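One structure below.
The values are calculated or read from the model by the stated rules, or taken from the named source; none is laboratory data. Every value quoted in this text rests on a predicted model; they were computed, and no experiment measured them. Quick reminder, even Gly has a Cβ in these numbers, built from the backbone with ideal geometry, and neighbours come from all protein chains shown. Just so you know, the surface numbers come from the protein's heavy atoms only, side chains and all, with ligands and any DNA or RNA stripped out. Shrake-Rupley method; radii C 1.70, N 1.55, O 1.52, S 1.80 Å.
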Amino acid sequence: IDYAFAWSQGWGELMTLIIPNSYGGASGDGAYWGPKAFTSGPHYFGALAILFFVLGLVFYKGKWKIPFLVSGTLTMLFSLGNNFLFFNELMYHYLPYFSKFRTPEMWLIATVFSFAMISVFGFQEVLNRGLENKKWLYVTGGVLGFGLILSFASTSVLSFQKDGEKQQIAQQIANSNRVSVNDPRVQQSVNQVIKNQLLPAREKAASKDSWRFVILILIGGAILYLVSIKKLNTGIAGLLLVLVAAFDMISVGTRYIPHYSKVPTGFD
């Protein structure tokens, strides 16, 4: 079970679904500080996807909302692996074929798919009928307020420091200088590296993505408002929202899959 749950998502790390760089992103440059040994990048749901997910929960009354919500929530809990051991150990021993899966964080692919379906329902429902009253405005304001809380509170709530990181850096410094890891100068150097290099970079990345989330929600809310006051056609608004969502997803994706890493297919 230890092997099967090796790459478990952390509870706090679920924030990357909304704020991709809240836990540093990828491991390559030492930015990632989450509980996994290393990672190639976070699982990201998308800012407008979150907005329409919440709107879907409020406005969509169809029969498929509950099945997708349940499956998305269950797979999100599965992704926690040994960070929610009581639940996932039961699943490992008693749910057929559950023990065949590895890398629990990959369950988030199913989570994002399930929640995205609710986002699609919300998108359709709000643009077709949900802008007739002001309820959508309150929901959007709530999502925006949540984003503002994250923007202001992330630097004070998150530690931005990986478990065991101090010891790792101390060992590296001690080895390179051929001194004992308990040498006071080593500890002083470790504190300087963490305080002056790692923490500021991680805090800046998390803060930048938090404000990015707020701006995208503002843009989405503005488009919906223009539709509600009859200043924008529903079809054009839908296209604009799709373009903003595409920009959001692609710009985050290219951080971890840059253009130069693509392999030529050999076809013209």
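Okay, residues lined up against (1) farther than 20 Å from S154 by Cβ; (2) touching a helix residue (DSSP H, G or I) at 6+ places or on another chain (Cβ under 9 Å):
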residue	(1), (2)
G25	no, yes
F38	yes, no
G41	no, yes
L74	yes, yes
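Count, please, the residues in segment 102-135 that happen to be of a type in the set (G, A, S), under 30 Å from E89 (Cβ atoms) and at pLDDT below 95.
Initially, segment 102-135 is screened for residues of a type in the set (G, A, S), giving 110, 114, 116, 119, 122, 130.
With under 30 Å from E89 (Cβ atoms) added as a condition, the list becomes 110, 114, 116.
Still in the running and at pLDDT below 95: none.
So the answer is 0.
Among the residues of segment 95-106, which ones are touching a helix residue (DSSP H, G or I) at 6+ places or on another chain (Cβ under 9 Å) and surrounded by fewer than 20 Cβ atoms within 10 Å (Cβ to Cβ)? Give the derivation first.
Applying the first criterion (touching a helix residue (DSSP H, G or I) at 6+ places or on another chain (Cβ under 9 Å)) to segment 95-106 yields 98-99, 101, 103-106.
Correct list: F98, S99, F101, T103, M106.
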> Cβ-Cβ below 6 Å, separation at least six or inter-chain, first residue in segment 87-101 and under 13 Å from F5 (Cα atoms) and in contact (Cβ under 8 Å) with a residue 40 or more places away in the chain, second in a helix (DSSP H, G or I) and among the small types (G, A, S): which pairs?
Replying inline: N88/G81; Y92/S99
> Within segment 136-174, restricting attention to residues that are among the hydroxyl-bearing types (S, T, Y) and modelled with pLDDT of 90 or more, which residue is most open to solvent (accessible area, probe 1.4 Å)?
Replying inline: Y138
> Mind checking which residues of segment 46-58 are aliphatic (A, V, I, L, M) and either farther than 19 Å from W11 by Cα or open to solvent by less than 20 Å² (accessible area, probe 1.4 Å) (or both)?
Replying inline: A47, L48, A49, L51, V54, L55, L57, V58
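Looking only at segment 72-94, which residues are closer than 29 Å to A206 by Cα and open to solvent by 30 Å² or more (accessible area, probe 1.4 Å)?
First pass over segment 72-94, keeping only residues closer than 29 Å to A206 by Cα: 72-85.
Once the filter is applied, which keeps residues that are closer than 29 Å to A206 by Cα and open to solvent by 30 Å² or more (accessible area, probe 1.4 Å), segment 72-94 yields T73, L74, M76, L77, N82, N83, F84, L85.
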> Quick one: what pairs do we get from segment 217-236, first residue within 16 Å of E132 (Cβ to Cβ), second part of a helix (DSSP H, G or I) and hydroxyl-bearing (S, T, Y), C-beta under 9 Å, 6+ apart or different chains?
Replying inline: L224/T140; Y225/T140; V227/T234; K231/Y225; L232/Y225
>> Taking the criterion of being surrounded by fewer than 18 Cβ atoms within 10 Å (Cβ to Cβ), of a type in the set (D, E) and in a helix (DSSP H, G or I), would at least one residue in segment 208-224 satisfy it?
In response: no
> How many residues are among the hydroxyl-bearing types (S, T, Y), open to solvent by less than 30 Å² (accessible area, probe 1.4 Å) and assigned to a loop (DSSP other than H, G, I, E, B) if we restrict to segment 1-22?
Replying inline: 2
> When only residues in segment 36-45 that are in contact with a Phe, Trp or Tyr (Cβ under 9 Å, 6 or more places away or on another chain) and surrounded by 18 or more Cβ atoms within 10 Å (Cβ to Cβ) count, which is farthest from I215 (Cα to Cα)?
Replying inline: K36
